Structures are given as structure tokens and as C-alpha cells.
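Asker: Following this message is one structure expressed as C-alpha cells.
Readers should treat all values here as calculations from the given coordinates under stated rules, not as data from a laboratory. Since this is a predicted model, take the numbers as computed values, not measurements. Don't worry about glycine lacking a Cβ; one is built from the backbone with ideal geometry, like all the others, and counts go over all protein chains shown.
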Amino acid sequence: MSSHPPLGVVAVGNALVDVLAQTSEEFIAEQHAAHGMEKGAMTLIDEARAVDLYGQMPAGVESSGGSAANTMAGFASFGGHGAFIGKVADDELGRIFQHDLRSLGLKFDTQPLIMGAKTGRCLILVTPDAQRTMNTFLGASVELSPLDIDEALITQARVTYLEGYLFDRDQAKQAFIMAAEAAHAAGHRVALTLSDPFCVDRHRSDFLRLVENHVDILFANEEEIKSLFMQDNFEDAASAVSSHVEIAALTRSEKGAVIVNGEQKHHIIPPAPVTQVIDTTGAGDQFAAGFLYGFTEGMDIETCGKLGTLAAAEVISHMGPRPGCSYADLLKKAA
């Protein structure tokens, strides 16, 4: 790694505004029958469906979201300095998103989309078992292209963090490779989160190529890593990933996490205690925030993993995918 870059992490991801509402199992079942909504999964929807579903949902809470942007909110809460690259439209939701990120002290200067799609949004339904079912209208966020990759910004960050959800479009794939090459040319690391097993299923060969050629740190949950390597059990998938990346941070819900660091080293990280699980939205995003904060501060792998589980435990104890308190304060208490 070169001399101390001014930023810890720059993330490239979907710029979305989340609408979160608590709902019943019956509502999900009705939506499944009528529209094929899958409980606990993320379904891509068009603008017309987004408007229709929004009209049927119980009253919700609106807040800036997007997986990598949530991670950056957590990273900033620990005290990290970072930036975000993502596409919003020049509309009200776009301005809300921009304001929210900048108010956290994060750099966000991607040019908004002037013509065409509106700012993307994710309609999240949370059932009494704390499972989240996401319906995502990607809108302007998928218009991110290589033109939006600020290579000068990327060279200023120790880690460039790429969000798998964005990987659907060819221009986004090109943007990822451009960002990764800029990071590596500067002697810095590239991290990727797989985001969703359905996403991995759709683009497995492209994801494998990206991981093999451009990624140093991989974040995935149990289902995603099994999907990537087409393995039926977690242990086989965890063994398979070890020869592909420098570090794989694999989350396992209530079982904590496993950090694979080279062929022989599997660090088992127990979950941090949580009094009550309210909403699992953002658990993986915040795990990545804690891990990346530790990593960019030069902490050992086990400590990075523990910071990840600490942040994940905090976020699942309340509604919404972003920190409910200062992670820097949490760290002081834990210390």
C-alpha cells in the first residue's frame, strides 16, 4: 500500500432511497400470488409497479439507502473518511440522497442524471419475524457508466468497494473494471460485496471473472458464496474461495462470521449480542462497514471481523439499514 491516502474507502454502488414499512405475512402472500413477490428476497420492479406498490404499502419511513451507501454511512459513523460514486436523478429524492450522504461527512459529487429515469427507490416490507422483502426500482442508479468513475478520487482511497447489486448492466460492469484497475494502479485494494444470491445466479461467470482478476477482499453471506461456487454446503464454498482472493469475509446470520484469509486460515467470529432482532435490513452492509473500518485502520483480521459483527448487531436491533447510534461511541464502550 502506498503512503497514507486521505480516504479510507470509496464505494461504487446504487444510489437509492429506501421506503421501509412493517407489514403482515398475509400482505406478502397476496403480493406473491398477484406479482410473484418472494419473501426475504430482492425483486427488481419497474416504475409503474413501484408506484402501485407504494400506494398499497402501510405508511413507511423514507431514508437514503442503497447497499454500498449504507456501508459508507456505517463507515463514517465509526469515524472513517470516505466517498461514494452513484447515480441519482436531478429530482427531489435525488437531492435528499445527496444531502443525506454529505451530512455524514462523505464526499458525493457524481453528476445527477438530467433526462430520463427518476431516482431509484427500494420498497422494503418487514414482517413480524424481522425478515425483509425488497422491491427495487433501480431508476437512475443503473445509468452509472465508466464516465462517472472518478479515477483521481479512487486513487485517494485505501479500498475501493464495489456493490454487486449494480452488476446487472454492461456499462456498470465496465465501470467496475475501470475502478478496480485505477485502485490497483495506485497500489490499493479492491473489495466486492456479492449482494444477493439471485444476482450471483444471473451473472456467475462474470462475477467469477471479476473476483479472479480484480478483487482482493470479498464480502458474501452463506447463500451468496454457495451460489458463486455452486456448492451445496458452506464449508465447501468457504474452502473454494480461499484460492481466489486475499480475504473473504463470509457472514452467517446468527452464527456470526467466518473470515477466510489464505488457504489454511479460517477465523470464526462469534455474533455480537443483540437483545431483540427488529429488522435484518442492512446487517450485511454494516458488517462490511465495521470490517472495512478496522482494515483501513490497520487492525488485525479478527478485530476487523468483530467490528463487523458489532455493527451488524446494532443495525438489526432497530428499523432501517443505517446506524441508530454512533459506532465510534460503541467502539469506546466495547474497548
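Asker: Picking from GLY308, GLY60, GLY164, which is most flexible by a Gaussian network model of the chain using Cα springs under 10 Å?
Answerer: GLY60
Asker: Under a 10 Å cutoff between Cα atoms, tell me which one of ARG209, ARG169, ARG158 has the largest fluctuation in the Gaussian network model of the chain.
Answerer: Taking springs between Cα atoms under 10 Å, the residue moving most is ARG209.
Asker: Separate question: Let me make sure I get this right: for the chain, a, b and c are the square roots of the gyration tensor eigenvalues over alpha carbons, sorted descending. Under 1.5 in a/c it's rounded, otherwise prolate if a/b > b/c, else oblate. Which is it? Numbers along the way, then the final one.
Answerer: Numbers: a/c = 1.35, a/b = 1.17, b/c = 1.15.
In terms of gyration-tensor shape, rounded.
Asker: Can you figure out the FRET efficiency of ASP91 with GLU151, using R₀ = 30 Å and their beta-carbon distance, to the nearest 0.05?
Answerer: Working: r = 28 Å, r/R0 = 0.92.
Between ASP91 and GLU151 the formula returns 0.60.
Asker: Given VAL274, SER227, ASN261, which one lies farthest toward the positive end of the charge dipole of segment 180-335, if we put +1 on the Cβ of every Lys and Arg and -1 on the Cβ of every Asp and Glu?
Answerer: The listed residue farthest towards the positive side: VAL274.
Asker: Give me the percent of DSSP beta bridges within the chain that run antiparallel, rounded to the nearest 5.
Answerer: 35
Asker: Shifting gears a bit: Based on the Cβ-Cβ distance of SER243 and GLU47, what FRET efficiency does E = 1/(1 + (r/R0)^6) give at R0 = 45 Å, to the nearest 0.05?
Answerer: Details: r = 43 Å, r/R0 = 0.95.
With R0 = 45 Å, the Cβ-Cβ based efficiency is 0.60.
Asker: Would you mind calculating the relative contact order of the chain from Cα pairs under 8 angstrom and at least 6 residues apart, reporting the percent as a whole number?
Answerer: It comes to 18 percent, rounded to a whole number.
Asker: A further question on this structure: For the chain, give the magnitude of the charge dipole about the Cα centre (Cβ charges: +1 Lys/Arg, -1 Asp/Glu; no others), in debye to the nearest 20. Don't jump to the answer; show the numbers that get you there.
Answerer: Working: 24 positive and 44 negative charges, 141 e Å.
Dipole magnitude for the chain comes out near 680 debye.
Asker: A further question follows. Which entries of LYS265/LYS333; LYS87/LYS118; LYS265/LYS332 have Cα-Cα distances beyond 21 Å here?
Answerer: From the list (LYS265/LYS333; LYS87/LYS118; LYS265/LYS332), the Cα-Cα distance tops 21 Å for LYS265/LYS333; LYS265/LYS332.
Asker: Using a 10 angstrom cutoff on alpha carbons, build the Gaussian network for the chain and name the most mobile of GLU30, GLU38, GLU314.
Answerer: Per the Cα network of the chain with a 10 Å cutoff, GLU30 tops the list.
Asker: Provide the net charge surrounding LEU93, with neighbours chosen by a C-beta distance below 14 Å and charges set as Lys +1, Arg +1, Asp -1, Glu -1.
Answerer: Numbers: positive: LYS87, ARG95, LYS118, ARG121; negative: ASP18, GLU47, GLU62, ASP90, ASP91, GLU92, ASP100.
Its environment carries a net charge of -3.
Asker: Which of the listed residues, CYS304, PRO6, ALA73, is farthest toward the dipole's positive end in the chain, when Lys, Arg count +1 and Asp, Glu count -1 at the beta-carbon?
Answerer: Positive-end residue among those listed: PRO6.
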